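Undergrad: One structure, as structure tokens, below. Some questions next.
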Amino acid sequence: KNRYDAATQLAPLLEKYRHTDGIIMAIPRGGVPLGYYLSRHLDLPLDLLMTKKLGHPQNPEYAIGAVSLEGSIAEDCIDIPEQYIYEETRRIREQLKERYRQFMGDKPPAAIKGKILIIVDDGIATGRTILSTIKILRNKFPAKIVVAVPVSSEQAAERISKAVDEFICLETPFPFFAIGNFYEDFSQVEDNEVATILAELKAAHKVN
């Protein structure tokens, strides 16, 4: 029905992670409502997974890598100048830092070494950005990486399941179009909703 309904359906499949040394890593903004519910249900802290695709200079929608707050990765593309990758990475990271400050204030990102990371989003289409993000996270030596989503394309599901320790997905419909096609209510998650969710969790001591 909506993102919260999706989270309630995912929750039983994540029950084994209740009270573990884990962190719910929600991808803003669409993943935050799911992360909120799962954080409360599983009694795990929530953090924001701030990543953004590194786009090809001729086609910004085509991901050649990803940038996070503390790392980046780019495919070996002989036709792309190193200077472009350097400058674009720096520009994207500044954007991500500003967004993180907007939502989390002066709180530093969670330390993830040795933790079980449960990455949640409202759906996955191509999966290119999240695959690059997983590579970045591996460099931080988490104990385990889990990706949990309500819906994914078959192609993305196959690729991601090989890259993580566990991939949990309710539906992999074919043919796959836009993620929003599989929701009755897929209204945009606004910044103020994200801020409200994080404030509620902070009051409940669930923000990492």
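The values are calculated or read from the model by the stated rules, or taken from the named source; none is laboratory data. Worth saying up front: this structure is predicted, and the values here are computed from it rather than measured. Heads up, the Cβs are rebuilt from the backbone with ideal geometry, glycines too, and the neighbour counts pull from every protein chain shown. Side chains are part of the model used for accessible areas, which takes the heavy atoms of the whole protein and leaves out ligands, DNA and RNA. Shrake-Rupley method; radii C 1.70, N 1.55, O 1.52, S 1.80 Å.
Undergrad: Kindly provide the set of residues from the stretch 59-83 that are of a type in the set (S, T, N, Q) and in contact (Cβ under 8 Å) with a residue 24 or more places away in the chain, ordered by number.
TA: Within the stretch 59-83, Ser68, Ser72 qualify.
Undergrad: Tell me yes or no: at least one residue of the stretch 67-75 is surrounded by fewer than 12 Cβ atoms within 10 Å (Cβ to Cβ) and in a loop (DSSP other than H, G, I, E, B). Reasoning before the result, please.
TA: Restricting attention to the stretch 67-75, the residues satisfying the condition of being surrounded by fewer than 12 Cβ atoms within 10 Å (Cβ to Cβ) are none.
No: zero hits.
Undergrad: Let me ask you something else. Just to verify a result, which residue in the stretch 90-116, among those that are at pLDDT 95 or above, out of contact with any Lys or Arg (no Cβ under 7 Å at 6 or more places or on another chain) and not in a helix (DSSP H, G or I), is farthest from Phe176 (Cα to Cα)?
TA: Gly114
Undergrad: Would you point out the residue of the stretch 165-206, among those that are within 19 Å of Met50 (Cβ to Cβ) and either in a loop (DSSP other than H, G, I, E, B) or touching a Ser or Thr at 6+ places or on another chain (Cβ under 8 Å) (or both), that is modelled with the lowest pLDDT? I'd like the intermediate steps shown before the answer.
TA: To start, the set of residues in the stretch 165-206 that are within 19 Å of Met50 (Cβ to Cβ) comprises 188-199, 201-202, 206.
The next check asks that each one be either in a loop (DSSP other than H, G, I, E, B) or touching a Ser or Thr at 6+ places or on another chain (Cβ under 8 Å) (or both); those that pass are 188-190, 201, 206.
Details: Gln188: 94, Val189: 94, Glu190: 93, Leu201: 82, Lys206: 60.
In this case the residue turns out to be Lys206.
Undergrad: Yes or no: the stretch 115-126 includes at least one residue that is more than 26 Å from Glu171 (Cβ to Cβ) and in contact with a helix residue (DSSP H, G or I) (Cβ under 8 Å, 6 or more places away or on another chain). Spell out the reasoning first.
TA: So the first thing to find is which residues in the stretch 115-126 are more than 26 Å from Glu171 (Cβ to Cβ), and the list is 115.
This time we only want the ones that are in contact with a helix residue (DSSP H, G or I) (Cβ under 8 Å, 6 or more places away or on another chain), so: none.
No, the conditions are met nowhere in the stretch 115-126.
Undergrad: List every residue pair whose Cβ atoms lie under 9 Å apart, where the two residues are 6 or more positions apart in sequence or sit on different chains, the first residue falls within the stretch 189-203 and is closer than 16 Å to Pro109 by Cα, and the second residue, located anywhere, is open to solvent by less than 10 Å² (accessible area, probe 1.4 Å) and modelled with pLDDT of 90 or more.
TA: Short answer, once both residue conditions are applied: Leu198/Val32; Leu198/Leu46; Leu198/Leu48; Leu201/Gly35; Leu201/Ser39; Leu201/Leu46.
Undergrad: What is the residue count in the stretch 88-140 for residues that are open to solvent by less than 90 Å² (accessible area, probe 1.4 Å) and either acidic (Asp, Glu) or closer than 16 Å to Ile27 by Cβ (or both)? Before the answer, list the steps.
TA: Taking the stretch 88-140 and keeping what is open to solvent by less than 90 Å² (accessible area, probe 1.4 Å), we get 88-89, 92-93, 95-97, 99-100, 103-105, 107-112, 114-134, 136-138, 140.
Those left that are additionally either acidic (Asp, Glu) or closer than 16 Å to Ile27 by Cβ (or both): 88, 92, 95-96, 99-100, 103-104, 109-110, 112, 117-134, 136-137.
Looking only at that region, the number is 31.
Undergrad: In the stretch 127-164, how many residues are free of Cβ contacts under 8 Å to residues at least 60 places away in the same chain, outside any strand (DSSP E or B) and not hydrophobic (A, V, I, L, M, F, W, C)?
TA: The qualifying residues number 10.
Undergrad: Checking the conditions here, which among Tyr4, Tyr36 is surrounded by fewer than 21 Cβ atoms within 10 Å (Cβ to Cβ), outside any strand (DSSP E or B) and at pLDDT 90 or above?
TA: On the way: Tyr36 fails: surrounded by fewer than 21 Cβ atoms within 10 Å (Cβ to Cβ).
Residue meeting the stated conditions: Tyr4.
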